[in-house]
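Before any comments, here is the structure.
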Amino acid sequence: MNSQLYTLTIGWLYPKLMSTYGDRGNVTTIERRSQWRGFDVKVLPLDQAATAEEIKSVDIIVGGGAQDRQQELVMRDLKGAKAEAMREKLDNGTPGVFTCGSPQLLGHYYEPAAGKRIEGLGILDLVSVHPGENTKRCIGNLVIEVTAKKLARDLEAMIGMKPYLVGFENHGGRTKLGKTEALGKVIYGLGNNGEDGTEGAFHQNAIATYSHGPLLPKNPFVADWLIQTALRLKYQQPIQLSPLNDELAQYAREAMLKKLKVELPTEKQRLPTVVS
Ligand code: GLN
């Protein structure tokens, strides 16, 4: 099918407030991997100037990490009709990737190191608490096995092996999950709270993770999953993603896994050629 028929709008949550940890790389990865396939891509900042209608108009949502103060500023704006629009999108399966400070705000609340509790959107059944400025932050390399059922199944079908994500975490807040499914289980690093072995969360088609890095360049098949999910939802048909050469990403992953002495199945990861 002529790929020029496909258009995608990436909604980028508060770019000026929530890009402290390089997560803009997730936006760039989705944008480039779509453009390399001939899709027409637009990036729409979903910031204080954005309307609820604009939130409803996007096909994929990306949210990055932020310091406590910026998170508080975001939540002063993301309420009312805008909050409802976000809930509607994520509950109805709009795909997205939300890193660290963003998923903390998609949960019930985030208690920062200092200051008052920040009420979240309650879309994800989770709470996050920063134990205080003198508590060691969770900082370091992260490797997880994706365990969220639907996502693990889709990714395994795409790459032909169990999906593992390689990343980097940097957070003070500790997250405890309620009914929302974990994104994965920690193979290396701390994850949600350094205690229960979970990392991130998964809701409908929204990926929540503590993995900066940014996540997608080191795990390009996740970017492809987001793109295919958005296109399938928008055009209501299976979309054939042409394969891309991800040798560099593969080398970066293998180099990191070797450095961390993490043994994973070595089968080469295939790229998605046909989306079921
Ligand atoms: N400020 C939050 C915390 O310290 C989120 C940090 C982040 O987004 N990396 O947990």
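The values are calculated or read from the model by the stated rules, or taken from the named source; none is laboratory data. A quick note: this is a predicted structure, and the numbers were derived from the prediction, not measured. Because the Cβ atoms are built from the backbone with ideal geometry, glycine has one as well, and the counts that use them run over all protein chains shown. When the accessible area is computed, the model is the full protein with side chains, heavy atoms only, and any ligands, DNA or RNA have been set aside. Shrake-Rupley method; radii C 1.70, N 1.55, O 1.52, S 1.80 Å.
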If we count every other residue with Cβ under 15 angstrom of Phe98's Cβ, Lys/Arg +1 and Asp/Glu -1, where does the sum land? -3
With springs connecting C-alpha atoms under 10 Å apart, model the chain as a Gaussian network and identify which of Lys89, Lys42, Lys259 has the largest mean-square fluctuation. Lys259
Which percent of the accessible heavy-atom area of region 67-126 goes to carbon and sulfur, probe 1.4 angstrom? 47
For region 176-275, which whole percent of the accessible surface, found with a 1.4 angstrom probe, sits on carbon and sulfur atoms? 55
Too long at a 29 Å Cα-Cα cut-off: which of Lys16/Lys116; Lys42/Lys116; Lys136/Lys261? Lys42/Lys116
Could you report region 147-276's accessible area per residue, 1.4 Å probe, as an integer in Å²? 45
Between Asn134 and Gln48, the FRET efficiency computed from the C-beta separation at R0 = 45 Å comes out, to the nearest 0.05, as 0.85
Taking the Cβ of His212 as the center, what net charge do the other residues with Cβ under 10 Å away carry, scoring Lys and Arg +1 and Asp and Glu -1? -2
Quick check for you: with a 1.4 Å probe and neighbouring chains kept, what is the accessible area per residue of region 1-100, in Å²? 42
In terms of Cα to Cα distance under 20 Å, which aspartates and glutamates are near enough to Lys162, apart from those fewer than 8 places away along the same chain? Glu145, Asp154, Glu181, Glu199, Asp224, Asp246, Glu247, Glu254, Glu263, Glu267
What FRET efficiency would be calculated for the residue pair Glu247, Ser57, taking the C-beta separation as r and a Förster radius of 35 Å, to the nearest 0.05? 0.45
Within a Cβ distance under 11 Å of Gly197, other residues only, what is the Lys/Arg minus Asp/Glu net charge? -3
For a quick check, take a GNM of the chain with Cα springs below 10 Å and name the residue from Tyr109, Tyr14, Tyr235 with the largest mean-square fluctuation. Tyr235
Test of understanding: what is the full-extension gain from Lys185 to Lys259, defined as 0.36 nm times their sequence separation minus their Cα-Cα distance? 24.7 nm
Here the gain from full extension of Asp196 to Arg153, 0.36 nm per residue of separation minus their alpha-carbon distance, amounts to 13.2 nm
